[in-house]
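The values are calculated or read from the model by the stated rules, or taken from the named source; none is laboratory data. Please read these numbers as outputs of a predicted model, since none were measured by experiment. A quick note on method: Cβ atoms are made from the backbone with ideal geometry, for glycine too, and the neighbour counts reach across all protein chains shown. For the accessible areas, the whole protein counts, side chains as well, though only heavy atoms, and no ligand, DNA or RNA atoms are used. Shrake-Rupley method; radii C 1.70, N 1.55, O 1.52, S 1.80 Å.
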Amino acid sequence: MHGQPRKPLNPDDDAASIAKAAKLRNLQSQLLHNHHNKIYTKEALEISWKLLELNPEIYTGWNYRKLAVEHNLQAKTDPESIKSIVDEELKLVETALSRNYKSYGAWHHRKWILNKGFSSFDHEFRLLNKFQKADSRNFHAWNYRRFVTAMKNIPEKEELQYTTDMINSNFSNYSAWHNRSVILSNLLKRKAEGFTSKENVLAEEYDLVHQAVFVDPDDQSGWFYHLWLLEQTVTPDAPMLVSSWPIHDSDMIVSFKSNLDETLLSTSTRYCSESGTFPLILYFNQPVEGVSSSTVTVNFMFCKEDLLWRPLSTTNSKKSHAWVTHLKFPDKEDNSSKVYPVEVRLGHSQGIISSSGSHYNFPSRFAFKVTLQCVELEAAEGGSGMKMLDWGDGSFQICEDLPLDLSPILSLDQLKISRNHEPTALHFLIETITTEIALFRELLLEIKCCKIGKLTLARLLIAHDAIMTYNTPVEYKKVNTEEVLELFTDLMKLDPTHSSYYKDEHSLVLMEKVISNRKSMSKHCFFYGGSSSSNLCNSVCLRLNKLSLSKIGSFEHLLWVQMLDLSHNELHSIEGLEAMQLLSSLNLGYNRFSSFTALEPLRSLQTLKVLDISYNEIGVHSIDTTRYLCSSPLSHTVEDNCDFDEYARDDVKIADTWEAVMFFKGLQLRQLNMTGNAISDDNFRILLLKLLPKLKWLDGKGVH
Amino acid sequence: MDLLSGELEVEKHVKYILSIEKKKDSFESVAMEHLRMNGAYWGLTTLDLLGKIETVDQDEVISWVMQCQHESGGFAGNVGHDPHILYTLSAVQVLALFDKLDVLDVDKLSDCILWLNFMEKNAATFSPCLLDRKLDICGLQNEDGSFSGDIWGEVDTRFSYIAICCLSLLHRLDKINTEKAVEYIVSCQNLDGGFGCTPGGESHAGQIFCCVSALAITGSLYHIDKDLLGWWLCERQLKSGGLNGRPEKLPDVCYSWWVLTSLILIDRVHWIDKVKLARFILDCQDKENGGISDRPDDAVDVFHTYFGVAGLSLLEYPGLKAIDPAHALPVDVINKIFFDRK
Ligand SMILES: [Zn+2]
């Protein structure tokens, strides 16, 4: 029941209601009787008419009418009789809709009868006008309108004009804006006459939506349309490669088969491999599919057979921003340091496709050198002296103080690929964004506390910086960052209901600010081990701790990171982290992770050895917000659950532990800290040791 | 949320739900008779979330549910009415609540669902004799991957969700072409990130719940732009704390379910103010006679009572059982189905 007042029972109303109910009950039982006995006489039909008129929701009544139509049509062949049968149904539907224009059964009955082909669609616009006037947001009527226009082959341009008229008579009609976006994207997609220039079309649409947003900035109808236009404007159709690992022009030193702790031996240009393979990662500006040995050419002397590329995504998606393959090295112990060039080329043939169906079509190439090294150094204490990793401040020394060239890591504009905006398109893009920025600044001068004004301005400024970064040949300095951060801070206060949304956006901008700039990034790069370590080279740790980040991003800049400290933030999700394939040590302590399913991205990190998830909220919450975002029997993404039985015990139910089993099973952790979570108890400890046979340290103590 | 503890009138809501069955004479209750199966699901799930399911006579309920089963396998909204996928899911859910799915002929039921997958093609040439044929969830999937609600061919993403959820509960999801089913749902995705009934249909929170849940159960949530849809959904929260179902509409308790589940499934529920929403739901209680209404001071019904209590469960309101956002049953019931298979 909707919109009916809660009133004390009035005896008169009560009596009237009981009488009406008795009538309805009587009609209903007669209908069911006729239905079960297949009685389709005039009198019987009359009863169903009365019933549906009184309550159009009784679906069996509509089914009965359809059977009656089928039955009665069998006996008739002359057009007059057929017409009268059909007209009767159309009339009944209209009567029923007048009682309840949201009745699914009535609208479907009309479609069903018209689909029989005995009647023209000529009266349908009259009916639609009636119901669209009564409620211009009635989605049943709008759906029916799309059905009718398709059946009558009404040109899309006419329907577009209809939405213009509806919008002009009331800017607040979201249904009309929605239908407009549907029609317009069809017209643009098939490049219909008058719609070949996306730029011209978009320019006109901006004019229209400005009227809506500026007339009443609190009305949401224009908001989503404006955002859609902005996305149409800034998102290039074709996907682009934005970063890779290794980076262009780098000299990699790869050592493997060493008995050293590789977490302590790796730096940005040094990679230690246990398996004799070496990852190659491509990162695109949008999720793509079709990365394979036929779309990406890798020239490398040991590369004999086709490389297998894997999308980096937490679910079984075939699309991803990031793709990885592994280069194999020959299995020989050779101490000579030889240099091997590797060249990667893509975009020469079609096949890498974005979600919108556009192909990657810009020939690109990058190259790097690999020096193989078989390290047989004495490990700190004769090979067995692996130490527990200590995340304390004392273990780190800032990189700035050390004489090491960090430029290969920090060179972010490494991929010199021809960008895919045509000069005229680029001109339009920059001009549009600039105009929009000016307009929204003006709006904010008039109305200081305009939520949508501030949010849109922030989005425009972000888009502006992004375009300039990708399209300016010399390193572009993001000029809008501070203003954007300030806008999101304002929004948190202005609209506290949605403050977490603004906080997440704020965090993404903040994180980008920290790592997309050479100078600020170097303030967060530390050497692990410091002077106390006797190793020749030390691990570089990116420390993004204590930044009050609630969300992380900018993974395209982080592909090189092997050691990452994200502790003491406000994170509850690491969506996208699966792209960081080189990670071997990760600190997520003191955050807000509330389940193992939230850590799903880590499952695809084959090299992860050290994990700290202490002092989070695992086990505290009854509702798991990543329950269906991970591989599990619930989402039908694992074959069966026989794996779980292995870990079940009389006193441990699978239902309580499946998340932990799914998460830890594939990991090769050597060190784990998860103190300070609600879930840790003795039974859980036993389960962990069973799941992680290579574990050496648990919660700061040796396990053996 | 703990601050609001004690404000939920548990005993009164239980009493209200149990009383519905007794008030059969009002026009409203007769008008709802044809969807009594839905009513049973709403009422019983609410009782279970409140920890009071044992107050009903389980055998009586199950025997009535089974009387609603059509010979084809599908369930009707009430005895004597026609089978429809809408009531088939409710019937399966009610049986699941009582851990009695074993009373079903699971293969017969799921075969029928498959049949509904081919309805659109058949509807045009439909003849009454088809009525006697098998009819149920598997039978409702059409060539384009969509599902019909019954033999009469109405197509809607609601029916896609129902078919998928039903088959998932019966461990028979492998019977349908899930890839096609997902493809159809994705074709109903809009430029605001939401979903409509059919391709081109306007986004609506109820429809979004159906599509997002169907994608969740089939492991296909990667088709969703979580930030875009998440923003649209979190903007459903109004100053009163309540949620609406589309832009520029009034808030309503039932959207607590549809919007909240969708936000939870895409991990964006922190973008709304949970305490304010709980406050709104609690303000819609009839504190005297029990039950929850769409808005404060409106007339209560079992539908909004369920969505209010289920919404509070999703908000982790103290003392309530947790509910699974995709399968729409208590988490312990779902865990039993998926993890206690013997
Ligand atoms: Zn409602």
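Karplus-based coupling profile of segment A:549-561, in residue order and whole Hz: 6, 9, 8, 10, x, 6, 4, 4, 8, 10, 4, 7, 6, with θ = phi - 60° in 6.51 cos²θ - 1.76 cosθ + 1.60 and x standing for Gly or Pro. Peptide A:497-507 is shielded by partner chain Cβ atoms: per residue, an average of 4 of them sit within 10 Å of its Cβ. Volume of the convex hull of the protein assembly as shown (Cα atoms only), normalised per residue: 179 Å³. With the highest mean first, a sort of the peptides A:564-575, A:203-214, A:154-165 on other beta-carbon atoms found within 10 angstrom per residue produces A:564-575, A:203-214, A:154-165.
Residues A:TYR628, A:TYR590, ordered by accessible area of protein heavy atoms at a 1.4 angstrom probe radius and largest first, appear as A:TYR590, A:TYR628. Residues A:PHE593, A:PHE147, A:PHE362, ordered by accessible area of protein heavy atoms at a 1.4 angstrom probe radius and largest first, appear as A:PHE362, A:PHE147, A:PHE593. Which residues of segment B:301-328 show a drop of at least 50 Å² in accessible area when all protein chains are present, compared with their chain alone (probe radius 1.4 Å, heavy atoms only, ligands and nucleic acids excluded)? Checking the loss per residue gives B:GLU316. Averaged over residues, the count of other Cβ atoms within 10 Å places the peptides A:181-190, B:290-299, A:92-101 in the sequence B:290-299, A:92-101, A:181-190, highest first. Cut-off 10 angstrom, C-alpha nodes, Gaussian network model of chain B. Which of B:ASP25, B:ASP332, B:ASP174 fluctuates the most? Highest fluctuation among the options: B:ASP25. Comparing each chain alone with all protein chains together (probe 1.4 Å, DNA, RNA and ligands left out), the residues of segment A:140-186 losing at least 50 Å² of accessible area are A:TYR174, A:HIS178.
Solvent-accessible surface (1.4 Å probe) assigned to B:LEU86 amounts to roughly 50 Å².
Along its three principal directions, the equivalent ellipsoid of segment B:32-103 from the Cα gyration tensor extends over semi-axes of 20, 13, 10 Å, largest first. Apply the a/c threshold of 1.5 to the C-alpha gyration tensor of segment B:204-342 and tell me whether it is rounded, prolate or oblate. Oblate is the answer for segment B:204-342, as a/c is 1.5 or above yet b/c matches or exceeds a/b. Summing Cβ point charges (Lys, Arg +1; Asp, Glu -1) relative to the Cα centre of segment A:548-637 gives a dipole of roughly 120 debye.
Near A:PHE593, the amide H atoms lying under 5 Å from its own belong to A:GLU617; only residues 5 or more places off or on other chains count, and H is placed 1.01 Å from N. Accessible surface area normalised per residue over chain A is 44 Å², counting heavy atoms of protein chains with a 1.4 Å rolling probe. Accessible surface for segment B:32-103, divided over its residues, is 33 Å² per residue with a 1.4 Å probe.
Using a cutoff of 8 angstrom between alpha carbon atoms and counting only pairs six or more residues apart, the relative contact order for segment A:427-580 works out to 15 percent. Between beta-carbons, use under 15 Å as the cut-off and find the net charge around A:GLU193, counting Lys and Arg +1, Asp and Glu -1. That sum, taken over residues with Cβ under 15 Å, equals +3.
Beta bridges assigned by DSSP with both partners in the protein assembly as shown are antiparallel in approximately 70 percent of cases. Database remark: amide H of A:HIS348 closer than 5 angstrom to the amide H of A:SER364 (H placed geometrically; neighbours at sequence offset of 5 or more, or on other chains; Pro and chain starts carry no H). How many percent of the accessible area of segment A:516-702 is carbon or sulfur, using a 1.4 Å probe? Solvent-exposed carbon and sulfur of segment A:516-702 make up 48 percent of the total. Over segment B:155-282, accessible surface divided per residue gives 23 Å², non-protein components excluded, 1.4 Å probe. Accessible area of A:LYS523 (1.4 Å probe, protein heavy atoms only, ligands and nucleic acids ignored): about 110 Å².
Selection among B:CYS68, B:GLY39, B:VAL56 by position relative to the dipole of segment B:32-103 gives B:GLY39 as farthest towards the positive end (Cβ unit charges, Cα centre). DSSP beta bridges confined to segment A:516-702 are antiparallel in about 30 percent of cases. Interface burial in segment A:52-83 reaches 40 Å² or more for A:TYR59, A:ASN63, A:LEU67, A:GLU70, comparing the full protein assembly with the chain by itself; accessible area from heavy atoms with a 1.4 Å probe. Candidates A:TRP62, A:LEU564, A:TYR271 compared by Cα position along the dipole of chain A: farthest toward the positive end lies A:TRP62, with charges placed on Cβ.
Rg/Rh for segment A:142-189 stands at 0.95; both radii use Cα atoms, and Rh follows the Kirkwood definition.
Across chain B, the relative contact order, built from alpha-carbon pairs under 8 Å that are at least six residues apart, equals 17 percent.
Based on Cα contacts under 8 Å between residues 6+ apart, chain A shows a relative contact order of 9 percent. Of the listed residues B:ARG158, A:ARG345, the order by accessible area with a 1.4 Å probe, largest first, is A:ARG345, B:ARG158. Split the accessible area of segment B:173-243 by element, probe 1.4 Å, and carbon with sulfur accounts for 49%. Estimated purely from DSSP H runs of n ≥ 4, each contributing -39500 (n - 2.57), the mean residue ellipticity at 222 nm for chain A is -13000 deg cm²/dmol once divided by its residues.
Solvent exposure of A:HIS36, expressed as accessible area, is near 110 Å², computed with a probe of 1.4 Å over the protein chains only. Here the Karplus curve 6.51 cos²θ - 1.76 cosθ + 1.60, taken at θ = phi - 60°, turns the phi angles of segment B:313-320 into couplings of 4, 5, 8, 6, 5, x, x, 9 Hz, with x standing for Gly and Pro. Cα convex hull, segment A:634-694: 99 Å³ per residue, rounded to a whole number.
Between B and A, roughly 8100 Å² of accessible area is buried in total, ligands, DNA and RNA not counted and the probe set to 1.4 Å. What shape does chain B have by the C-alpha gyration tensor, where a ≥ b ≥ c are the square roots of the eigenvalues, rounded means a/c under 1.5, and otherwise prolate means a/b greater than b/c and oblate the rest? Judged from the Cα gyration tensor, chain B comes out oblate (a/c at least 1.5, b/c at or above a/b).
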